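J.: Let me begin by handing over the structure; questions about it come next.
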Amino acid sequence: AATLCAVFSYNGGVAETAYAVTSTNPVGEIWDVVAKKFDQKNVKALYKALGGSNGGSFTTLDAWVSSGNKTNADIRANNGGSNVIVTFGGKQWAATYLTKANGKVVLTLMLKECATNSSQFNQFGGANGTPCYKYPSTSYGSSYVRASLISSNSMLLNSADDTAAVASYANADNAQSLTAMSSSTALGLEFAEYVSGDLSSYVLTPAEVGYQAYEEAKGNTNFPGNCPNDAYGAMSDANFVGNAVSNYYTSTIAKTDTYVRWQNDKIWLPSIAELGCNDSTNQNGIWKTNVDLREVGRAYMSRSCGTSSHYAVYYGNNSRGSDTMDWLAVTTNFAVRPALHLDLSATASPTSSGIAKPTESTSKFSYN
């Protein structure tokens, strides 16, 4: 069972109680920072934790994942009901999803606890019912937090491009152009290894993995409709709820290059469609997470935004009793728990110290 720590704090006016995400057999550091390759002993322990009897080797794990995508619930079932926690790059991550893409086994990881540094979703927020702006405050693709997360990569700085996956963001209501981030933020530097360092060679983007193209909160959670930023592909307009949002987030208007460019990021915030919330089985959402993983006693933002406004972002409630996704203004300072896609196939080689960067011809995903 999770341990309740007697620690109370405030985050943007939200009272917090610290919980710990628990794991029966946490896996040690899989990256040897000195040798710059994967630690095969710990990698094999990871395969076993993920696959149980199907994780005796990478070959058997690959076969298991090839038979169908595996959720956090499937993984926990192989680990005595406990979440699989692995250290990668000095940080602890929770295993949430296993899939195949372009012939590779891909493991989606979510930060076990909240990051050291916090952020606002955006530094401005249009009021409910305001006109639909070119860059709404609820668009993750043009948000401040997205630009901040990827700001450690110097190649993504000093560009206000609104189509390329650079660190630019909207900084005011009704802005007609984006603002270029000129230097790395503290949050960006915290995740530099995964975005621009040695580990970035093993981290795939959502576009290279594929399953986030068409994910929906409706049907996968108890939410009545989809939220802005759930997917980077075009979803049915009928599944959006709330007039203010549905007037903007349509397949013909919202799915612009700016809105969807997070698909090319190495690190990103999870959505309600992935996380789920407040379900009697404690394992809804695409990932089918449990409350032990979802609620860590700190209010952390998702990339999903309000379904009936232009100013609200959903965040993970800090209470394991209610286990809900609540909302506050995008200008609220929140903790973050980013996620990434690890190319698990690359970990199978004892000599692996880098993988080829995707080319134009190989960057298209083939999702199964």
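J.: Check T87, T96, T108 and return the single one that is touching a strand residue (DSSP E or B) at 6+ places or on another chain (Cβ under 8 Å) and surrounded by fewer than 20 Cβ atoms within 10 Å (Cβ to Cβ).
T.: After applying the criteria, what remains is T87.
J.: Residues that are at pLDDT below 70 and closer than 29 Å to F121 by Cβ: which strands (runs of 3 or more DSSP E) entirely in region 298-368 hold 2 or more of them?
T.: Per the criteria, no element qualifies.
J.: Here's another thing I want to ask about it. Give just the number: which of (1) more than 17 Å from E295 (Cα to Cα); (2) buried (at least 20 other Cβ atoms within 10 Å of the Cβ); (3) modelled with pLDDT under 95 does C114 not satisfy?
T.: (1)
J.: A160 - would you say it is farther than 22 Å from A329 by Cβ and either acidic (D, E) or not in a helix (DSSP H, G or I) (or both)?
T.: Judged against the criteria, A160 is a match.
J.: Could you identify the single residue in A63, A73 that is part of a helix (DSSP H, G or I) and modelled with pLDDT under 95?
T.: A73
J.: From the residues in region 126-158 that are modelled with pLDDT of 95 or more and surrounded by fewer than 16 Cβ atoms within 10 Å (Cβ to Cβ), which one is farthest from D198 (Cα to Cα)?
T.: N158
J.: Between T116, T108, T163, which is touching a residue at least 60 places away in the same chain (Cβ under 8 Å), hydroxyl-bearing (S, T, Y) and closer than 21 Å to I286 by Cα? Break it down stepwise before answering.
T.: On the way: T116 fails: closer than 21 Å to I286 by Cα; T163 fails: closer than 21 Å to I286 by Cα.
Of T116, T108, T163, the one residue that is touching a residue at least 60 places away in the same chain (Cβ under 8 Å), hydroxyl-bearing (S, T, Y) and closer than 21 Å to I286 by Cα is T108.
J.: Give region 48-59 a look and list any residue that's touching a Phe, Trp or Tyr at 6+ places or on another chain (Cβ under 8 Å) and in a helix (DSSP H, G or I), or say none.
T.: The answer is G51, N54, F58.
J.: Out of the residues in region 187-228 that are of a type in the set (S, T, Y) and part of a loop (DSSP other than H, G, I, E, B), state the one that is nearest to the chain's Cα centre (by Cα).
T.: My answer is T205.
J.: Let me ask something else about it. Out of V245, V260, V291, I need the residue that is farther than 20 Å from S168 by Cβ and either in contact with a Gly (Cβ under 7 Å, 6 or more places away or on another chain) or at pLDDT below 70 (or both). Which one? Step through it out loud before you land on a result.
T.: Values: V260 fails: farther than 20 Å from S168 by Cβ; V291 fails: either in contact with a Gly (Cβ under 7 Å, 6 or more places away or on another chain) or at pLDDT below 70 (or both).
Selected residue: V245, the only one of V245, V260, V291 that is farther than 20 Å from S168 by Cβ and either in contact with a Gly (Cβ under 7 Å, 6 or more places away or on another chain) or at pLDDT below 70 (or both).
J.: Looking for something assigned to a helix (DSSP H, G or I), surrounded by fewer than 23 Cβ atoms within 10 Å (Cβ to Cβ) and within 19 Å of the chain's Cα centre (by Cα) - is there at least one such residue anywhere in region 168-186?
T.: yes
The values are calculated or read from the model by the stated rules, or taken from the named source; none is laboratory data. Values in this document were obtained by computation on a predicted structure and should not be read as measured data. Cβ: placed from backbone, ideal geometry, glycine included. Neighbour counts: every protein chain shown.
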